1. With respect to the numbered conditions (1) farther than 30 Å from residue 205 by Cβ; (2) surrounded by 23 or more Cβ atoms within 10 Å (Cβ to Cβ); (3) modelled with pLDDT of 95 or more, which one is the sole condition not fulfilled by residue 310?
2. If you go through the range 94-109, how many residues are part of a helix (DSSP H, G or I) and within 20 Å of residue 122 (Cβ to Cβ)?
3. Listed residues 139, 192; which is in contact with a helix residue (DSSP H, G or I) (Cβ under 6 Å, 6 or more places away or on another chain) and at pLDDT below 95?
4. Can you tell me which residue among 91, 83 is under 36 Å from the mean Cα position of the chain (by Cα), farther than 28 Å from residue 143 by Cβ and either assigned to a loop (DSSP other than H, G, I, E, B) or modelled with pLDDT under 95 (or both)?
5. So, of the residues in the range 194-213 that are touching a strand residue (DSSP E or B) at 6+ places or on another chain (Cβ under 8 Å) and surrounded by 14 or more Cβ atoms within 10 Å (Cβ to Cβ), which turns out to be nearest to residue 107 (Cα to Cα)?
6. Being surrounded by 16 or more Cβ atoms within 10 Å (Cβ to Cβ) and part of a loop (DSSP other than H, G, I, E, B) is the filter here; which residues of the range 225-245 pass it?
7. Consider residue 222 carefully, then state whether it is in a loop (DSSP other than H, G, I, E, B) and outside the structural domain of residue 136 (by TED's automatic domain parsing).
8. Looking at the range 27-69 only, could you name the residues that are assigned to a loop (DSSP other than H, G, I, E, B) and closer than 14 Å to residue 16 by Cβ?
C-alpha cells in the first residue's frame, strides 16, 4: 500500500500545493478530520473521517487500498500529528508531503519575516506564555484547548506587559478569515476563539539569560535568600535545560526558582515553601521577572512532594528537618536527577553526605566563602559572609 501523509495548508484548498493535490487525486481513499476532508468531497472518493493514529492504522489494515492519502492541516512538520502517524505506519514507508504552515501564512499576510520567530504550542498547556514572550523578539503561539487569544492577553497584562503588540489570526485561509492587531491590553475581553494563532512582538526581549542576579533586584521582605554568588554556582551545577522540570525546596524569596525558570523557558519550576510571607514574596518576584512557568506550592515539603511532577533537577535550600525524606522521594521519582543542596552548618553537611552515601551516590562538596567590600571613610573594608557548603550529587 502506498501512503501519503499530506499537509493541506490552511483551508485544504486555496493553499494546497500542486504535489499535494496530485497525491490526493491518486489516492483510492482520503483519511483525516472532517474539516480536512470537506474540500474534497466533490472528488467522490471513499473517505474515512478520523485523526487518531491507532484508528487510522486499524482502518488501513481492515481494508485493501492501493493508495491512501491522510490529510493533515497546515504543514506536517509544524506541531502536527504526522510524526506519530509516520511512526505508527512505518512498515508502509509513508511519503510526507509538506504544506503551508500557519506562521508562514500569517506572516505573509502581515508582510513580516517568520524566520526569527520562536514557536510555542499551547495545545493542552496554560503556562510559559509570559516567559516565552519575555525571552524572544517574536513569539508565535499555536492556540487551542482552553487557551484563547484573550487568555494570552490577560496573562501578559497580569505580568505588566499589556503594551506588547500582538497579531491574532482566526480561521486562516477560510472565507471568514479574521486578522486583528494591536496592544495586548486591547484584546483581554475579545471573544475570538476556535482555530486561532497569535504572534507577539517584544522589542525589549531578554537578549541573554540573566545569571547571578543582584540580590537587591529581588523583593525580599524578612525572608532568608540564597545570595547571588551561591545561587550562581548552585543553579549552574544543575545543568537546567529549556524543557527541564525543576524543584526548589525551601524557596524563600524565590531567587533560585527565578534563575531556574529563566533557563527552563519551556519547562517548569515547582517552588515549595511553608512560610506564608515567603510564599507571597515568591509570587511577587514571579510577577516582577515574568516567570509564569513557576508554580508555587504552599506547605511542608513532605506534604506536597507527591503532588509534584517528576523532576529533572532539584535544589534544596531549606528542608525543615526533612532532608532525608525530600531526597529519597525525589530519587524514587527519577534516579537520574541532578541534585544540589546548600548547607550553612557542619551538621547539615554531614547529614546530606550520609544520605547520599546510603543511596549509593557520590557527593561533590564545595565550600564558598564570599567577601564583599564596603567603604568606611577613605578606607575599603572587607565584609565577609558566612561560608556555605554546596553539596552536589555527582552524576556519571
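1. Of everything listed in (1) farther than 30 Å from residue 205 by Cβ; (2) surrounded by 23 or more Cβ atoms within 10 Å (Cβ to Cβ); (3) modelled with pLDDT of 95 or more, residue 310 misses just condition (2).
2. Step one: filter the range 94-109 for residues part of a helix (DSSP H, G or I), giving 102-109.
Adding the requirement that they be within 20 Å of residue 122 (Cβ to Cβ) leaves 102-107.
So the count comes out to 6.
3. Values: 139 fails: at pLDDT below 95.
Criteria check complete, one pass: 192.
4. 91
5. Of all residues in the range 194-213, those touching a strand residue (DSSP E or B) at 6+ places or on another chain (Cβ under 8 Å) come to 194-202.
Then drop every residue that is not surrounded by 14 or more Cβ atoms within 10 Å (Cβ to Cβ), which leaves 195-202.
Values: 195: 16, 196: 14, 197: 11, 198: 10, 199: 9, 200: 12, 201: 12, 202: 16 Å.
Here the answer is 199.
6. First, the residues of the range 225-245 that are surrounded by 16 or more Cβ atoms within 10 Å (Cβ to Cβ): 225-235, 237-238, 240, 244-245.
Residues satisfying the conditions are 225, 226, 227, 237, 238, 240, 244.
7. On the way: in a loop (DSSP other than H, G, I, E, B): yes; outside the structural domain of residue 136 (by TED's automatic domain parsing): yes.
Yes: the conditions hold for residue 222.
8. Within the range 27-69, the first condition is being assigned to a loop (DSSP other than H, G, I, E, B), and the residues that meet it are 27-28, 33, 44-46, 50-52, 63-66.
27 - this is the single residue of the range 27-69 that is assigned to a loop (DSSP other than H, G, I, E, B) and closer than 14 Å to residue 16 by Cβ.
The values are calculated or read from the model by the stated rules, or taken from the named source; none is laboratory data. Source: prediction; values computed, not measured. For neighbour counting, all protein chains shown are included, and Cβ atoms are generated from backbone atoms with ideal geometry for every residue, glycine included.
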